[in-house]
1. Taking only the stretch 112-128 into account, find how many residues are touching a residue at least 60 places away in the same chain (Cβ under 8 Å) and aliphatic (A, V, I, L, M).
2. Scan the stretch 145-161 and give yes if some residue there is basic (K, R), more than 18 Å from M76 (Cα to Cα) and under 18 Å from the mean Cα position of the chain (by Cα), otherwise no.
3. Just wondering, is there one or more residues in the stretch 95-105 that are assigned by TED's automatic domain parsing to the domain that holds A152, touching a residue at least 24 places away in the same chain (Cβ under 8 Å) and surrounded by 22 or more Cβ atoms within 10 Å (Cβ to Cβ)?
4. Would a scan of the stretch 159-167 turn up a residue that is within 26 Å of L101 (Cβ to Cβ), assigned to a strand (DSSP E or B) and assigned by TED's automatic domain parsing to the domain that holds S98?
5. Looking at (1) in a strand (DSSP E or B); (2) farther than 19 Å from R73 by Cβ; (3) not aromatic (F, W, Y), which is the only condition L112 fails?
6. Collect the residues in the stretch 19-47 that are loosely packed, with under 15 Cβ neighbours inside 10 Å and out of contact with any Asp or Glu (no Cβ under 8 Å at 6 or more places or on another chain), keeping them in residue-number order.
7. Given the options V128, V136, V164, name the one that is more than 20 Å from L80 (Cα to Cα) and surrounded by 15 or more Cβ atoms within 10 Å (Cβ to Cβ).
8. Run P23 past the list (1) modelled with pLDDT under 80; (2) more than 17 Å from K172 (Cβ to Cβ); (3) in a loop (DSSP other than H, G, I, E, B) and report the number of the one that doesn't hold.
Amino acid sequence: MEHEQSGRCNRHRLLRQYIEGNPFLTDDQLAQILGVSIQTIRLDRSELNIPEMRERVKNMARGVYGQVRALTRQEMVGELVDLYLGREGISILQIAPSMCLRKTGVASGQYLFAQANTLAVALIDAPVALTGTAKVSFKRPVFVRENVVARAYISRQKGNKYMVRVSSTVGKETVFTGKFLVFVIPEEEWRR
């Protein structure tokens, strides 16, 4: 009984560490990492008052959207979960059946591009920012119910031009990369 209690405490400690290190981990992924059933993970999360992944992401996102200047929340593709305006950010997109091609069940590339593009624009600390050019690469197909985590950072800035690099992953596997040249449009030009 004492050994069982100590194992549970250790599992709870590890569960907290893994979730703090990567809040995007699903119950299934946590169960695989810790070598227990999904039901055990759900019970442990309940005991520790840790919400499920979707709820954790929503909680993270609540404080982030107020910082974005170039887009509204409705214009974002994916859930913005972390943002350091003018530096870097993270969004997550869960692939729904409606985002997939009927014939193959593969997510349409437009969603991966849109997630990366809106994240790149959201990083810019200006009221109006638009993508001028993009060089993108699709690394592997993405399927229904996969969570795509896009990470972006500003790699260069010169005047009103920003080079933003985006890398999107499913688990540890890169599925999309892109370089976006984003321009800040002066207020006198867009207020015409």
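1. Residues meeting the conditions: 6.
2. Within the stretch 145-161 (the criterion being basic (K, R), more than 18 Å from M76 (Cα to Cα) and under 18 Å from the mean Cα position of the chain (by Cα)), the answer is yes, since at least one residue qualifies.
3. Checked the stretch 95-105: no residue is assigned by TED's automatic domain parsing to the domain that holds A152, touching a residue at least 24 places away in the same chain (Cβ under 8 Å) and surrounded by 22 or more Cβ atoms within 10 Å (Cβ to Cβ).
4. Looking through the stretch 159-167, at least one residue is within 26 Å of L101 (Cβ to Cβ), assigned to a strand (DSSP E or B) and assigned by TED's automatic domain parsing to the domain that holds S98.
5. Every listed condition holds for L112 apart from (1).
6. Within the stretch 19-47, E20, G21, N22, D28, Q32, I33, G35, S37, Q39, L43, S46, E47 meet the criteria.
7. V136 is the lone residue from the list that is more than 20 Å from L80 (Cα to Cα) and surrounded by 15 or more Cβ atoms within 10 Å (Cβ to Cβ).
8. The number of the failed condition is (2).
The values are calculated or read from the model by the stated rules, or taken from the named source; none is laboratory data. A quick note: this is a predicted structure, and the numbers were derived from the prediction, not measured. Quick reminder, even Gly has a Cβ in these numbers, built from the backbone with ideal geometry, and neighbours come from all protein chains shown.
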